[in-house]
Every structure is written in structure tokens, then in C-alpha cells.
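**Q** One structure coming up, written as C-alpha cells, with questions to follow.
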Amino acid sequence: MELLVVTMAYVASGTEAESEMRLRLVNETIRNAPGLLTLQSYYGQGRGNEKGSIYVLLTSWDDEESWFDLQERYNPKKALQTTVGELLKAPPYQWLMYYQWGYSRSTAQIKTAALHLIQARAEYGQSLQQEAISALQDEELQMLLAFAFLARGIPEENRTEKTIAQGAVHLHFLSWGSESEREHFLATPRYQQMHAHINRRGAAYLLPLTPLT
């Protein structure tokens, strides 16, 4: 089964130009990995106590076994620690996930995106997934999206304790072809209903993102 690896790193304020240059080197290293299917990189701004930039790498691999065989050389978290190094505010976070649902509007190019990370108790997992799929299959919402997917998994360090498919971490990735489409999407009653459902079921973190080109 295709494996999604989600990696998030915080870098200190004032180091954006240098950290972006180093992140591109990380991308070039990982892009050569056997078994890599896709690589997408994004950046956003931290909020509250998390000042500075946030970088998110989304990499998908043939399967779990092939990724574990290659991770000593191509693990995004380790590559960030080695290459970005002293610019990191803390060790990167990394999750191992399986896709649950996906959508792509082939004519749209991603200009802006958002990532929902949701930590929920196991008994709420199915409810969260069903509500999100139902909402994102709404015709009005799909017409506004460029690309979206839902995934579920675990922190990398917990992989010996639980299977990935039973993980308590849910990821909703949403993207749009323009800022106006994003604003329209977030203001729709159906999205607001989905967002309220998420907040009742778990601790949610919403991160606006921009593609790193």
C-alpha cells in the first residue's frame, strides 16, 4: 500500500532565505530516491509562540517496506536535520500515513493550500473520516478545490506500537488555484459544518501554506 510521509520543520525567524536554499537541497536529494512517487514542499508562518517559518514536505512511496529499506539515506526528517541543521528551532516532526480519500481538478494549479492536523481518540476516527469525505464530495466545494486528500497515521516514533492504519492522527490537505477560491471555500456553510465537527472530535491545528517553487 502506498505510504505517505509527512514532515514538518520549524526554522528561526530571519533565516528564511538560507533555510529555503537548504530545503531545495533536501528536495534534490530525496527526489533521487528509488520508490519515491511524489514530492511536494510548502512553507507557512508560525503563530503564537511558534515564530518563524514552517516547512512541510509531503512524500509518497511505493509501500511501507520500500521506504523503511531506504530511510537511512532518504528519510526527509534526517535529511532536514543534516542539511538545515542549526537553522531548525527543534527536531522536525514526521508522521507515517495511508491515504483515505483524494481529489484533483486537473485544470487547476495550486497557488495556496492549508493543512489540518487533527489528533483524535480512536473511537472518533471513523466519524471524522466520514464527515470530511461527505463534505469534500459536495459539488460546490469540489469546484473550488485544486487538489485535496485525507490521510491517517501515526508519529514515526510510534511505528512499533501501532499499525499506521489505526493511527490517531488525521491529516486533511486542501489546496486552491487562487486566494479568492480559498476564501470562498472557507466561508461556505458546508465547510464550516465540517470544521465544527472536527473541533468537537479532536484537537485540530490549521496551517495555511504556499507551494515552495
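**Q** Please work out which residue is surrounded by the most Cβ atoms within 10 Å (Cβ to Cβ), limiting yourself to the stretch 96-148 and to residues that are touching a residue at least 60 places away in the same chain (Cβ under 8 Å) and among the aromatic types (Phe, Trp, Tyr).
**A** The selected residue is Tyr124.
**Q** If we scan the stretch 184-203, do we find a residue that is assigned to a strand (DSSP E or B), crowded, with 16+ Cβ neighbours inside 10 Å and not aliphatic (A, V, I, L, M)? If you could, list the steps in order and put the result at the bottom.
**A** Here is the first cut: in the stretch 184-203, the residues assigned to a strand (DSSP E or B) are 202-203.
Checking which are crowded, with 16+ Cβ neighbours inside 10 Å leaves us with 202.
Then drop every residue that is not not aliphatic (A, V, I, L, M), which leaves 202.
Looking for residues that are assigned to a strand (DSSP E or B), crowded, with 16+ Cβ neighbours inside 10 Å and not aliphatic (A, V, I, L, M), one finds at least one in the stretch 184-203, hence yes.
**Q** Let me ask something additional. Looking at Ser53, Ser41, Ser66, can you tell me which residue is over 22 Å from Glu18 (Cβ atoms) and either out of contact with any Leu (no Cβ under 7 Å at 6 or more places or on another chain) or not assigned by TED's automatic domain parsing to the domain that holds Ala148 (or both)? It would help to see each step written out before you state the result.
**A** Details: Ser53 fails: over 22 Å from Glu18 (Cβ atoms); Ser41 fails: over 22 Å from Glu18 (Cβ atoms).
From the options Ser53, Ser41, Ser66, the qualifying one is Ser66.
**Q** If Leu57 satisfies every condition in (1) touching a Ser or Thr at 6+ places or on another chain (Cβ under 7 Å); (2) over 30 Å from Ser134 (Cβ atoms); (3) at pLDDT 90 or above; (4) buried (at least 18 other Cβ atoms within 10 Å of the Cβ) but one, which is the exception?
**A** Here Leu57 clears every test but (2).
**Q** Please give the number of the condition Asp62 fails out of (1) buried (at least 16 other Cβ atoms within 10 Å of the Cβ); (2) of a type in the set (Asp, Glu); (3) in contact with a Gly (Cβ under 6 Å, 6 or more places away or on another chain).
**A** Unmet condition: (1).
**Q** Could you check, for the stretch 132-146, whether at least one of its residues is assigned by TED's automatic domain parsing to the domain that holds Ala108, in a strand (DSSP E or B) and under 13 Å from the mean Cα position of the chain (by Cα)? Talk me through it step by step, then tell me what you get.
**A** Our first condition is that a residue be assigned by TED's automatic domain parsing to the domain that holds Ala108; within the stretch 132-146, this holds for 132-146.
In the following step, the residues that additionally are in a strand (DSSP E or B) were identified as 145-146.
From what is left, the residues that are under 13 Å from the mean Cα position of the chain (by Cα) are none.
Looking for residues that are assigned by TED's automatic domain parsing to the domain that holds Ala108, in a strand (DSSP E or B) and under 13 Å from the mean Cα position of the chain (by Cα), one finds none in the stretch 132-146, hence no.
**Q** Going through the stretch 1-18 one residue at a time, which ones are farther than 23 Å from Trp61 by Cβ and crowded, with 23+ Cβ neighbours inside 10 Å? Before you say what the answer is, go through the steps one by one.
**A** Here is the first cut: in the stretch 1-18, the residues farther than 23 Å from Trp61 by Cβ are 10-18.
Across the stretch 1-18, the qualifying residue is only Val11.
The values are calculated or read from the model by the stated rules, or taken from the named source; none is laboratory data. None of the values given here were measured: they were computed from a predicted structure. All Cβ positions, glycine included, derive from the backbone under ideal geometry; neighbour counts span all protein chains shown.
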